[in-house]
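**Q** Take a look at the following structure, please.
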Amino acid sequence: MSVSTFSEPAPSALLLLGRGVDLASERGVECVGGLPAPSDPDLVERARAARAALGSRAFVLGHHYQRDEVIEFADVTGDSFKLAREAAARPEAEFIIFCGVHFMAESADILTSDHQQVILPDLAAGCSMADMAAIDQVEDAWDVLVDAGVAESTVPVTYMNSAASIKAFTGRHGGTICTSSNAHVALRWAFDKVGGLGGTGKVLFMPDQHLGRNTAVQQLGLSLDDCVVFDPRKPGGGLTTEQLRDARMILWRGHCSVHGRFSVRNVTDIRAAVPDVTVIVHPECQHEVVLAADLVGSTEYIVKALDAAEPGSSWAVGTELNLVRRLAAAHPDKNIHYLDSTVCFCSTMNRIDLPHLVWAMESLVAGRPVNRIVVDADDAHWARVALDQMLALPGY
């Protein structure tokens, strides 16, 4: 495999391995290098003025993967479900400004009160993973399971990174939502519904195949042979009736376009370049990358691990670059590297920039709410059923 590199050197030790293009990686975005320069001071002042004018009427949420210029104005930062719950805990806020992506704003709308309005500064801020599972595809897939005679013994478990319509489907069919932190608990609960791990029951896991596979194999003790991948673009998902009947984990063919880029080669190269490095990756990474890493965990897990790390320790982090840069800046006493050799931000997260945030806030100040996210009432009901089931899981 040939690897092309940029002529100018990487500007930071974060990118120890340099900038390059990995043609063999999974991807749904093009990684073209660094972000644009920070916004001009006038725009920053406008953001401060609008935020001050809104006061307690607005509550601004900032996902970990957002740009620094956006995070500066967030009242709270975190992963997607943490932020949605934070919004629900602020009933006095008239406006919830969600600096994240579309499915996150939908979850906030589902969990907040009717009098609250959820605003997404840029409606084009979607999620490539969530977009890999459309409701008509999921309903067709369930029909395939019905025809194969396995639907009654299958429980849907849907990752938080999914559209409200998919969460609603999960609620209608007696399943649950999960996060990357509690996927193992959700899967155990689902298998218990259909005879336990030692039985023949199944889980339909959507939309990220890697989180489902990694959790089932690494934490529940199932084998790779227990897992099949359902491809909605192929007749019957590309699977035979026998494969569906024999499987325990039916994994939707979806992935994160950022986490799917990390490779075993990245892990091998960083270990060769940095003595005693600890490699920590997100469970949305490919299975072989998870096996090659030292530690695996959710975004919040990664943040806590770096916070607690010993001064002088070396880390290679396999998650979105905005967060890795922020962690490196917060811990100058630690040697923190970005795992990939390619500069790759989440392009959809980065749709939310300061110009969009300023426009959204100034519109609210002027009494013209923009980009409100409203989930269909029936979908909201059934999605809430699935979310409530997750909240009822042991240890949550």
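**Q** Starting from the range 308-328, take each residue that is under 14 Å from I270 (Cα atoms) and list its partners that are surrounded by 17 or more Cβ atoms within 10 Å (Cβ to Cβ) and aromatic (F, W, Y), counting only C-beta distances under 9 angstrom and pairs at least six apart or across chains.
**A** Qualifying pairs under 9 Å: A316/Y338; V317/Y338; G318/F262; G318/Y338.
**Q** Name every residue in the range 83-114 that is basic (K, R) and either in the same structural domain as A386 (by TED's automatic domain parsing) or in contact with a strand residue (DSSP E or B) (Cβ under 8 Å, 6 or more places away or on another chain) (or both), in order of residue number.
**A** Answer for the range 83-114, where residues must be basic (K, R) and either in the same structural domain as A386 (by TED's automatic domain parsing) or in contact with a strand residue (DSSP E or B) (Cβ under 8 Å, 6 or more places away or on another chain) (or both): just R90.
**Q** Starting from the range 54-76, keep only residues that are under 17 Å from F345 (Cβ atoms), then list their pairs with residues that are buried (at least 24 other Cβ atoms within 10 Å of the Cβ) and of a type in the set (S, T, Y) whose Cβ atoms are within a distance under 7 Å, requiring at least 6 positions of separation or different chains.
**A** H63/S80
**Q** Would you please name the residue that is modelled with the highest pLDDT, looking only at residues in the range 241-266 that are closer than 14 Å to C285 by Cβ and of a type in the set (S, T, Y)?
**A** Checked the range 241-266; the qualifying residue modelled with the highest pLDDT is S263.
**Q** With the requirement that a residue be assigned to a helix (DSSP H, G or I) and either within 17 Å of the chain's Cα centre (by Cα) or of a type outside the set (A, V, I, L, M) (or both), what does the range 131-145 give you?
**A** Those that are assigned to a helix (DSSP H, G or I) and either within 17 Å of the chain's Cα centre (by Cα) or of a type outside the set (A, V, I, L, M) (or both): D131, M132, D136, Q137, E139, D140, W142, D143.
**Q** Out of V157, V185, V144, V138, which single residue is in contact (Cβ under 8 Å) with a residue 12 or more places away in the chain and touching a strand residue (DSSP E or B) at 6+ places or on another chain (Cβ under 6 Å)?
**A** The unique qualifying residue is V157.
**Q** Also: Take the residues in the range 192-217 that are in contact (Cβ under 8 Å) with a residue 60 or more places away in the chain and in a loop (DSSP other than H, G, I, E, B), then tell me which one is farthest from Q286 (Cα to Cα).
**A** The selected residue is P207.
**Q** Here is a follow-up. For S165, are the conditions met, namely being at pLDDT 95 or above, under 20 Å from the mean Cα position of the chain (by Cα), surrounded by fewer than 24 Cβ atoms within 10 Å (Cβ to Cβ) and not basic (K, R)?
**A** Taking the combined requirement at face value, the residue satisfies it.
**Q** Residue by residue through the range 118-143, note down the ones that are buried (at least 19 other Cβ atoms within 10 Å of the Cβ) and under 19 Å from E362 (Cα atoms).
**A** V118, I119, L120, P121, D122 - these are the residues of the range 118-143 that are buried (at least 19 other Cβ atoms within 10 Å of the Cβ) and under 19 Å from E362 (Cα atoms).
Okay, residues lined up against (1) hydrophobic (A, V, I, L, M, F, W, C); (2) closer than 25 Å to H381 by Cβ; (3) buried (at least 21 other Cβ atoms within 10 Å of the Cβ):
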| position | (1), (2), (3) |
| --- | --- |
| A190 | yes, yes, yes |
| G201 | no, no, no |
| L204 | yes, yes, yes |
| L222 | yes, no, no |
| P235 | no, no, no |
| T240 | no, no, no |
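**Q** Suppose the filter is more than 22 Å from L211 (Cα to Cα), touching an Asp or Glu at 6+ places or on another chain (Cβ under 8 Å) and modelled with pLDDT of 95 or more; does V60 pass it?
**A** yes
**Q** Of all residues being of a type in the set (D, E) and outside any loop (DSSP other than H, G, I, E, B) in the range 350-380, which is nearest to G126 (Cα to Cα)? Just the residue, please.
**A** Ranking the qualifying residues of the range 350-380, first place goes to D379.
**Q** Does any residue in the range 255-273 that is of a type in the set (V, I, T) come within less than 7 Å, Cβ to Cβ, of a residue that is exposed (fewer than 15 other Cβ atoms within 10 Å of the Cβ) and in a helix (DSSP H, G or I) six or more places away or on a different chain, and which pairs are these?
**A** Cβ pairs passing all conditions: V264/E288.
**Q** Output the residues belonging to the range 303-320 that are among the hydrophobic types (A, V, I, L, M, F, W, C) and surrounded by fewer than 24 Cβ atoms within 10 Å (Cβ to Cβ).
**A** V303, A305, L306, A308, A309
**Q** While we're here: Kindly indicate the residue of the range 291-321 that is out of contact with any His (no Cβ under 8 Å at 6 or more places or on another chain) and of a type in the set (A, V, I, L, M, F, W, C) and also farthest from K334 (Cα to Cα) among those meeting that condition.
**A** L291
The values are calculated or read from the model by the stated rules, or taken from the named source; none is laboratory data. Because the structure is a prediction, the values reported are computed rather than measured. Cβ atoms come from the backbone with ideal geometry, glycine included; neighbour counts cover every protein chain shown.
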